[in-house]
Amino acid sequence: MCLITNIQRYSIHDGDGIRTTVFFKGCPLRCVWCHNPEAQNRGRELLCSGEKCTGCGACAAVCPQKAVSIKNGTARTDRKLCTACGACAEVCVLNLREIAGREYTVKELTAELLKDQIFYEESGGGVTFSGGEVMAMDMDFILEAAKELKRQGIPLAIDTCGYVPYERFQRILPYTDVFLYDVKVMDEGLHKKYTGVDNRLILENLVRLSHDGARICVRIPTVKEVNGNERSMKEIIAFLQEHDIHPIQINLLPYHDTGSGKYRKLDTAYKGTDLHAPDKEEMEALTALFINAGFKNTKTGG
């Protein structure tokens, strides 16, 4: 089984056509701007909108670990005691509590995905495995699900940060139609500062995946303070040219903080408050760098 935080239907930014995107739980990176923090850790987690709590005490009454208490008219959760069993979420009448992470078998997951088959067929869409980091999951599970989608004629996209052993890509490659591959910044120090890991394995895997014939869409989260400048983008262009990598598409994805509210629900601090997206003119200029370098299918946004 694998833990999944969400199955998002009618996605239009995670590959071609109308797609169903599966968000797996667990990621080896800790990107400062991550908009899915509930998908970073591997285990189940409690999300709680405490600012709307009325302090009714129902959650505290049912918690088997005594992790919930009422203080100053609001329910407070001791994260060290919480096991994310979900008992409190079941009794919250305002639906302020939810558990991130539900176990699925391959059969259960593929049954859910097949419900949308008519939309894939009519729009040229398919399924996208995302996260977290899908390539860091149980590869036997991922491979079995991918094979079933292939048998059903459903195109599969893999959204990946690339920070896994290459053997995993070799296993899934025959069943994957396109890889949505994140490239953040060439500078190794900046990469480690903003993601928690260096980028050597990520770049090595990108080269090998390209040379093995994969269809790749390079996606560049564009943050003004990190890589949103001409120098950084020219370094990415030079890397792609040097290694003879020809993505089918390049997307420059402007930074956004729409996931920042989730951090409060996890009782953690959002560290991207000082980050910004380049403005429209700057994004257009950065996009033009790739187009002028021969990467004609480059655009701003997903």
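Values in this text are rule-based calculations from the coordinates and carry no lab data. As the structure is a computational prediction, the values presented were derived from the model and not from experiment. Note that each Cβ is placed from the backbone with ideal geometry, even for glycine, and that neighbours are counted across all protein chains shown.
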- Query: How far is helix 139-151 tilted off the main Cα axis of the chain, in degrees rounded to 10, range 0 to 90?
  - Reply: 70 degrees
- Viscosity 1.002 mPa s, 20 °C: Kirkwood-radius Stokes-Einstein D of the range 45-100 over Cα pairs, µm²/s: 198 µm²/s
- P(r) of the chain over all Cα-Cα pairs, binned every 20 Å from zero, in whole percent: 31, 55, 14, 0
- Query: How far is helix 280-292 tilted off the main Cα axis of the chain, in degrees rounded to 10, range 0 to 90?
  - Reply: 40 degrees
- May I ask which residue of LEU47, THR287, ILE202 lies farthest towards the positive end of the charge dipole of the chain, with charges of +1 (Lys, Arg) and -1 (Asp, Glu) on Cβ and the Cα centre as origin? LEU47
- Query: Given only helices, namely DSSP H runs of n ≥ 4 each adding -39500 (n - 2.57), what is the per-residue ellipticity at 222 nm of the chain, to the nearest 500 deg cm²/dmol?
  - Reply: -9000 deg cm²/dmol
- Note on the structure: Toy charge model, Lys and Arg Cβ at +1, Asp and Glu Cβ at -1: the range 45-100 dipole around Cα centroid in debye, rounded to 20, equals 220 debye
- Any idea which of SER69, THR83, ILE99 is furthest toward the positive side of the dipole for the range 45-100, if Lys and Arg beta-carbons carry +1 and Asp and Glu beta-carbons -1? SER69
- Message: Let me spell out the model: positive unit charges on the Cβ of Lys and Arg, negative unit charges on the Cβ of Asp and Glu, origin at the Cα centre of the chain. What dipole size does that give, in debye rounded to 20?
- Response: 940 debye
- Percent antiparallel among DSSP beta bridges confined to the chain, nearest 5, equals 40 percent
